[in-house]
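The values are calculated or read from the model by the stated rules, or taken from the named source; none is laboratory data. Everything numeric in this text was worked out from a predicted model, so none of it was measured. Every residue, glycine as well, gets a Cβ built from its backbone with ideal geometry; the counts of neighbours run over all protein chains shown.
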Amino acid sequence: MRLLLDAMCGGVVSYLRMCGHDAAYALDRGVEADRDLLALARDEGRTLVTRDVRLADRADDAILLESRDVREQLAELLTAGVPLALDERPSVCGRCNGPLERVPEGAPTPEYAPDPDGEAVWRCRECGQCFWRGSHWDDVRATLEEL
């Protein structure tokens, strides 16, 4: 899914990206004004995710969240028809929403990342951030399974 999350919904951005959704975050784009959010969602064919009732009413396609709690917001997204299952092969950068590519065995990785000879590692083509299925992955999986 192509989603645009407003400033009030930033807590779920990384979850959505880990599930393979193209999830743009308004504050990453420097967009806060309602008219700019609506234009961006329309121009990029995105479903707006917001907690603002009036903004949701003005959007062509919107998901209105009521809760402030991240787990409850995830449950609301699931109820709204947004699939929430981790991609076994990560495809979207949790930091910038860019595309990920697998780091080949023998290739260097930053000190914070594991050696790709022993564990699968993916790197963002846009920001260079590395990702792997470590403890954070397990924590997110557990959270999603509780929904």
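In the list GLU101, GLU119, which residue meets the criterion of being out of contact with any strand residue (DSSP E or B) (no Cβ under 7 Å at 6 or more places or on another chain), exposed (fewer than 15 other Cβ atoms within 10 Å of the Cβ), charged (D, E, K, R) and more than 18 Å from TYR15 (Cα to Cα)?
That would be GLU119, the only listed residue that is out of contact with any strand residue (DSSP E or B) (no Cβ under 7 Å at 6 or more places or on another chain), exposed (fewer than 15 other Cβ atoms within 10 Å of the Cβ), charged (D, E, K, R) and more than 18 Å from TYR15 (Cα to Cα).
Specify the residue that is nearest to PRO90 (Cα to Cα); the eligible residues are those in the stretch 21-42 that are in a loop (DSSP other than H, G, I, E, B) and not acidic (Asp, Glu).
HIS21
At pLDDT below 95 and of a type in the set (Asp, Glu): is that true of GLU44 in this structure?
No.
Considering only residues that are small (Gly, Ala, Ser) and either farther than 22 Å from GLY98 by Cβ or buried (at least 22 other Cβ atoms within 10 Å of the Cβ) (or both), which ones fall in the stretch 40-72?
Across the stretch 40-72, the qualifying residues are ALA41, ALA56, ALA59, ALA62, SER67.
Does GLY11 satisfy being modelled with pLDDT of 95 or more and either under 29 Å from ARG123 (Cα atoms) or in contact with a Phe, Trp or Tyr (Cβ under 8 Å, 6 or more places away or on another chain) (or both)?
Here the answer is yes, as GLY11 does meet what is asked.
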